[in-house]
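Student: Here it is, the structure in full.
The values are calculated or read from the model by the stated rules, or taken from the named source; none is laboratory data. Fair warning: this is a prediction, and the values are worked out from it, not measured in the lab. Reconstructed Cβ throughout: ideal geometry from the backbone, glycine too, with neighbour counts over all protein chains shown. Accessible surface is based on the protein model in full, side chains and every heavy atom, while ligands, DNA and RNA are left aside. Shrake-Rupley method; radii C 1.70, N 1.55, O 1.52, S 1.80 Å.
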Amino acid sequence: NKKAFVELLFWKNPVAVYEMTKGYSSLQEGEGAARSRVRPWTPQEEQELRELYWKYKEVEGEDVIAAILAHLPTSGRTRRQVVKQLVRM
């Protein structure tokens, strides 16, 4: 690749470096660092998240995300995952 030097000018994560050295699209779907750690949201979890958001968004003086995490029936979700999912929805 004659233009690989341009790729080297920017920070890379391990997955991007692997693709640069082995060829792009060398990783199969579902592989890689980010895909293996985060499980997808089910429609039921999304509905519960939506209901909890609407319930706690108007509460004065309380952190909405903290309230959602405390009442989210499925554990194992981080604050960042909840915020990212709310923004996506």
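Student: Considering only region 57-89, state which residues are in a helix (DSSP H, G or I), in contact (Cβ under 8 Å) with a residue 12 or more places away in the chain and either among the charged types (D, E, K, R) or within 16 Å of Pro40 (Cβ to Cβ) (or both).
Tutor: Arg79, Gln81, Val82, Gln85, Leu86
Student: Now, a different point. For residues that are in a helix (DSSP H, G or I) and either at pLDDT 75 or above or open to solvent by less than 60 Å² (accessible area, probe 1.4 Å) (or both), tally how many sit in region 23-56.
Tutor: Filtering region 23-56 down to residues in a helix (DSSP H, G or I) leaves 33-37, 43-56.
Narrowing the set further to residues that are either at pLDDT 75 or above or open to solvent by less than 60 Å² (accessible area, probe 1.4 Å) (or both) leaves 33, 43-56.
Number of matching residues: 15.
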